[in-house]
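The values are calculated or read from the model by the stated rules, or taken from the named source; none is laboratory data. The model shown is predicted, which means the values in this text are computed figures rather than measured ones. Note that we place each Cβ from the backbone using ideal geometry, even for glycine, and neighbour counts take in every protein chain shown. Quick note on the areas: whole protein, heavy atoms, side chains included, nothing else; ligands and nucleic acids left out. Shrake-Rupley method; radii C 1.70, N 1.55, O 1.52, S 1.80 Å.
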Amino acid sequence: MSESRLIVPARYDRIKQICSFVVDAANVAGLDESSTFQCQIAVDEACTNIIEHGYEGEDKGRIEVICNALPTVLKIELLDQAPPFDLDKVPEPELGAPLEDMKIGGLGIYFMKKMMDDVSFSRENGTNKLSLLKRRAG
Amino acid sequence: MDISTQEVKRVSVMTVKGRVDSSTAPDLENALKQLVEGDKTQIVLDLKDVEYMSSAGLRAMVSTLKSVKRINGDLRLCAPSPRVHEVLRLAGLTSIFNIYPGQDEAVNSF
């Protein structure tokens, strides 16, 4: 098992660095290009939600990323100290709605759930933990 | 992310290169908004060199599409990579946007 850890200020311009960190871990876990891209999208959307809806703005806290590259699985944990956030209370986007009625909000969580094999959320001692799991294809 | 715009046969072609994420999507949305405010309503967004796009980029494109459709214009896409196409498809946007394989086809569709 290979564990790596990154802590950055919760800012949009740090998402690229977080994605790059996750790509390195995905390579260690032997994920293919498609799965690696999906991990990037899921982590990007999660961090965007933490900044936008959790901290409600940039530079209000930090995001800690822990990647565990297991033989056939990449486990990614995102930790933040924003107020609690219930993933299941976010309505799913209305895909297929006419353009004028289309709301793109909620798409981030939808992407996370679609692109990862498992998504779970917990809160302990004032810290939110979002766990994302991606299994190696094949 | 880099953005450049040129006029081709009365169509505004905006070429985007690099990553479109929460950090860069506002720049894309502003660039598109400036076109629309400058009465450029026939727009092609060339995605050939976009290596990555999150929902923030989709939001910028949908917002612009709504604006131009109200004034009888259109925002058409061309050459998305397989990864960007996957994001568009998952978001249900492949039936909302007209998407063309190349820039010439997109420009000539107007």
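Within segment A:94-103, is even one residue more than 9 Å from chain B (Cβ to nearest Cβ) and in contact (Cβ under 8 Å) with a residue 12 or more places away in the chain? So far as segment A:94-103 goes, no, none of its residues is more than 9 Å from chain B (Cβ to nearest Cβ) and in contact (Cβ under 8 Å) with a residue 12 or more places away in the chain.
Residue pairs whose Cβ atoms lie under 8 Å apart, separated by 6 or more positions or on different chains, with the first residue in segment A:22-35 and free of Cβ contacts under 8 Å to residues at least 12 places away in the same chain and the second open to solvent by less than 40 Å² (accessible area, probe 1.4 Å), are A:ASN27/A:THR36. Of the helices (runs of 4 or more DSSP H) lying entirely inside segment A:1-119, the ones with 2 or more residues being in contact with a Lys or Arg (Cβ under 6 Å, 6 or more places away or on another chain) are found at A:33-49.
Quick test for you: out of A:VAL65, A:VAL22, A:VAL8, pick the one residue that is over 23 Å from B:LEU90 (Cα atoms) and within 11 Å of the chain's Cα centre (by Cα). Break it down into steps so the answer makes sense when it comes.
Details: A:VAL22 fails: over 23 Å from B:LEU90 (Cα atoms); A:VAL8 fails: within 11 Å of the chain's Cα centre (by Cα).
Unique residue meeting the criteria: A:VAL65.
Condition check for A:ASP59 on (1) over 11 Å from the mean Cα position of the chain (by Cα); (2) modelled with pLDDT of 95 or more; (3) surrounded by 12 or more Cβ atoms within 10 Å (Cβ to Cβ): one failure, at (3). Of all residues in segment A:81-138, those that are polar (S, T, N, Q) and open to solvent by less than 40 Å² (accessible area, probe 1.4 Å) total 3.
Sub-6 Å Cβ pairs linking a first residue in segment A:119-138 that is basic (Lys, Arg) to a second residue that is at pLDDT 95 or above and assigned to a strand (DSSP E or B), at least 6 apart or interchain, are A:LYS129/A:GLU77; A:LYS129/A:LEU79; A:LYS134/A:LEU74, ordered by first then second residue. Residue count for segment B:1-29 under the criterion of being open to solvent by 50 Å² or more (accessible area, probe 1.4 Å), within 14 Å of B:ILE43 (Cα to Cα) and within 14 Å of the chain's Cα centre (by Cα): the result is 5. If only residues of segment B:77-87 that are surrounded by fewer than 22 Cβ atoms within 10 Å (Cβ to Cβ) and within 15 Å of the chain's Cα centre (by Cα) are counted, the one that is nearest to B:SER12 (Cα to Cα) is B:ALA79.
Apart from one condition, B:THR64 fits all of (1) buried (at least 23 other Cβ atoms within 10 Å of the Cβ); (2) under 12 Å from the mean Cα position of the chain (by Cα); (3) free of Cβ contacts under 8 Å to residues at least 40 places away in the same chain; the exception is (1).
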